[in-house]
1. Please work out the C-alpha center-to-center distance from the stretch B:320-382 to the stretch B:37-64 and express it in whole Å.
2. Obtain the nm distance between the two label points defined at A:Glu338 and B:Glu409 by a simple spin-label model: each point lies 7 Å from its Cα along the Cα-to-C-beta direction.
3. Quick one: if the Förster radius is 22 Å, what FRET efficiency do A:Thr30 and B:Ala467 give, using the C-beta to C-beta distance and rounding to 0.05?
4. Can you tell me the 0 to 90 degree angle between the C-alpha axis of helix B:22-35 and the longest principal axis of chain B, rounded to 10?
5. Find the relative contact order for chain B and round it to a whole percent, using C-alpha pairs within less than 8 Å whose residues are 6+ positions apart.
6. Among B:Leu407, B:Gly385, B:Phe366, whose Cα projects farthest towards the positive end of the dipole of the stretch B:331-472, with charges put on the beta-carbon of Lys, Arg (+1) and Asp, Glu (-1)?
7. Within the stretch B:10-39, which residues have the backbone N less than 18 Å from the label spot 7 Å out from B:Gln162 along Cα→beta-carbon, could you tell me?
8. Tally Lys/Arg at +1 and Asp/Glu at -1 over every other residue whose Cβ is under 13 Å from the Cβ of A:Ser228; what's the total?
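Rule-based calculations on the coordinates, nothing more; no lab input. Because the structure is predicted, anything quoted here is derived from the model rather than measured. Cβ placement follows ideal geometry from the backbone for every residue including glycine, while neighbour counts extend to all protein chains displayed.
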Amino acid sequence: MSQPLPMAGASAQENTVGLSKNDYRGNPTTLCQGCGHNSISNQIIAACFEANVRPEKIIKFSGIGCSSKSPTYFLNRSFGFNSLHGRMPSLATGALFGDHHLKGLGVSGDGDSASIGMGQFKHAMRRNVNMVYIVENNGVYGLTKGQFSATADKGLQLKKQGINMYLPVDICMEALASRATFVARLFAGNAKQVKEVLKAALSHNGIAVLDIISPCVTFNNQESSYYSYSFGKEKEDPLHDISFHQASEGPQSTVSYVPNKPEITLEADMIDGEIREVALHDGSTIILKALDKDYDPTNRLEALRTLDEAAANNWLVTGLLYISPESPSLTDLYNLVETPLNRLTEKELRPAPETIKTINDLMF
Amino acid sequence: MTQNMILNDFSITVGTPNGSGSSTANTTLLRALFKMGIPVSGKNLFPSNIQGLPTWFTIRVSGEGFTSRREEQEIMVAMNPASFLQDLAQVSPGGAFFYADDIKLPINRDDISIYPMPVKQLVRSDPDIPSNLRDLVANMVYVGILAEMLGIDQEKIEMALQFHFKNKPKPVSLNMSMVRAGAAWAAANLTKSDPYRVEALNKTDGLIMTEGNVAAALGSIYGGVQFVGWYPITPASSLAESLNEYLPQLRQSPDGKNTFAVVQAEDELAAIGMCVGAGWSGLRAMTATSGPGMSLMTEYAGLAYFAEVPLVIWDVQRMGPSTGLPTRTSQGDLAFVANMGHGDIDSLILLPGSIQECFEFGWRSFDIAERIQTPVYVLIDLDFGMNQWMSAPFLYPDTPMDRGKILWEEGIEKSGSSWGRYKDVDGDGIPFRTVPGNTHPLSAYFTRGTGHTPEARYSEAPDVWTANMARLQQKYESAKEYLPKPIVQTASGANFGILAYGSTDPAVEEARFKLERDHNLPSDYLRLRAIPFANEVGEFIAAHERIYVVELNRDGQLKQLLTIKYPEYATRLVSIAFNDGLPPTARWIRTAILEKEEN
């Protein structure tokens, strides 16, 4: 990275848009100490700062639940809307038409997206709404004190709830099946990976689903649970080391390949042995260093197979599972005027007086 | 021909199987009569079905200008074996019964004129008609026969067909040849024995003919609608479809780019969610739905009320509860919408009472929504929404757009850190808002459905909660200033008042006219156009000892709302509430009032 990470408390340090990390902060968290969600909030602050995104260019969204409270803990200078349980996607869909130059950043949870909001979640994928869609996934309802969510493991035993009888929903599989154009699974405990993927997701044109396994320290942190810190730490199996190079930072120093065409390109072959680059719409690059597997993130079926294999083996596979950088986002499909719709005035919005006669004539 | 001719005052009913393509024929009849300068109204009484079930279209011809539905059916056209016997029984004594002669059923009436129509034979005998189009064109046979027997101008029929087929010569000539064939056959083979005829007038000059849903869509476009989120539902779909039809014509920039977006959502939950998002981000956003959709939208409506998000929701009412009668009209959602959400809720409701007002409230609703920063509900019904109505032409908006209290960068710069999203600066309960895309670092705020301070911060403090709710109540009071006032008509010597709204207006007007003419019972009339009730409503009630509240539902919902608002006058309010799914008749209102006046 060309931008060195600022030291803790060194808020005077500015990024290329002239902002310090403090300009990206939010209010103090009210979630439990040790909650994975807090770590994700911190990485959102870091990623936006490092990616030189103006907070005013982002709209925060959330549904209802512990995760959905978190948008107040970052980006105070961004507009935000804490909507209804399971109904964040529709709200975001409409809001992003207000100014189609803005990027959505949604935070939801497994209850919010995989239970009550499954329908809206999948339709947001299908429409390729231009937003980062984070699911802070802990397999449990925290805010109502520890009921099973739809992503809870079968056989999970919780105080007061007994044993979960049902098979879990896999957020990434659902996203892939609904044709999301960017799908990643991450572990909140792997901060660097979360941050790098977040930066890439912010550069992606369209929906980027980040299923972040985020342990609930209060209700679902038993050692055997898929959603616990200990499980993640022991069983995490990253597909690759991820770093992100933002186009606005200038040429990359470490890798020779820089996209020079205005259109999206994706190198199908490995460029340098284990290094794969994915160029995004804005010219930025995700750099994936394959670890023990040769993984092609542009192959949707391979992504599904990998998830299935991981589930069968009780692995927590993390990394960028799938990307399709060339798909148009929702607002791209609408042939909109360049000026944000919400800045249009009566002159553009009310047809001219002479048109009323034409319209009346059309009414027989 | 009989001596006692009855001119321009009767109803025509056409009974066909649903999906047989009769709507072209029926609207052609309606439009031709309209073009002859004769006041008409048409009601499509159709089943919830795509093909097969009986459907009726009734046209009222009224030289006097009455447009409400009548129960009397002087002219019946029977094209459907399934409803043949019922249709025959319905013909008014002295009326005329036209029937397709391939229907072999007993005809047991001698008090009406009976006219067989060789529909199949005429269609088959025209070699120019392709066999696959025969069934569709067959309906033009009765158009031609009625034209001949009633005196409908064939030239006007051709104009109606040209309009219907957007001037495409082939379908016009194909259909017209069948009209001529029917007319010629009738001239040669039928002897008129009924008294009903039409004669050209000049009473429709300058009028247009359209549906309420089209008027609503066009009005919304002149109101600058920018975002539409919707989900298909009878009888509201054609409102959104009309937006899709006319927006590209009226609202593209000179370089062909759109100043609007229409999204068909996955359900009504999402349709309104998108609209709340769009309204919140500064767009003029709307949705159109009906009762079942309103039920689904309730959760987001409550959030929009509490978070103070402007949007417009059209409820084209159909008969509930539940799936109810999906293709029948009703005013059954009023009480529900007046309280749409859990907790303490006040809804702003507009009630257009004509097609022209569907257009007007289309644009005005956005001004009100953005001024008050709240959802605005516009309630019409299937009768207004989907039936063809004569109407005064649409009028271009006579006031500039009111975008309400919105602050952009300069506004925030001026207010500085004193700006707070829910602060009541002006004492009217209406705060200032900002929208995403505002680049001022102090412009952003966090919107939530939970308790919040004037600065939009989370709060559970009891006094913060009650202060906010009191401000919302005050805002609701402030809204009255911006809502359409009721229309009051008085008659000298009136001893009672009538209070009604929406699509019952033509029936109420006719009932008032006949109560005065035939029974010497003049009445005053207040047509309600918005809720909360304007002061004029209270004054009208105070000024009358009896007020008949006319509405299309079982429970007298408007009367209930009035009773809550004006408990001191509760005993003056008399409910005339009835709903069987059909548009109201003047006779029903007249009879109900007479019964009560005579007791």
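1. First find each Cα centre; the distance between them is then 25 Å.
2. Those two pseudo-labels are separated by 1.7 nm.
3. On the way: r = 23 Å, r/R0 = 1.04.
Efficiency, from the Cβ-Cβ distance: 0.45.
4. On a 0 to 90 degree scale, this one is about 90.
5. Numbers: 1287 pairs, mean separation 71.9, N = 599.
After rounding, I find 12 percent.
6. Positive-most Cα among the choices belongs to B:Leu407.
7. Under 18 Å, as judged by backbone N against the label point of B:Gln162, lie B:28-37 of the stretch B:10-39.
8. On the way: positive: A:Lys233, A:Lys235; negative: A:Asp153, A:Glu223, A:Glu234, A:Glu236.
Net local charge, A:Ser228 excluded: -2.
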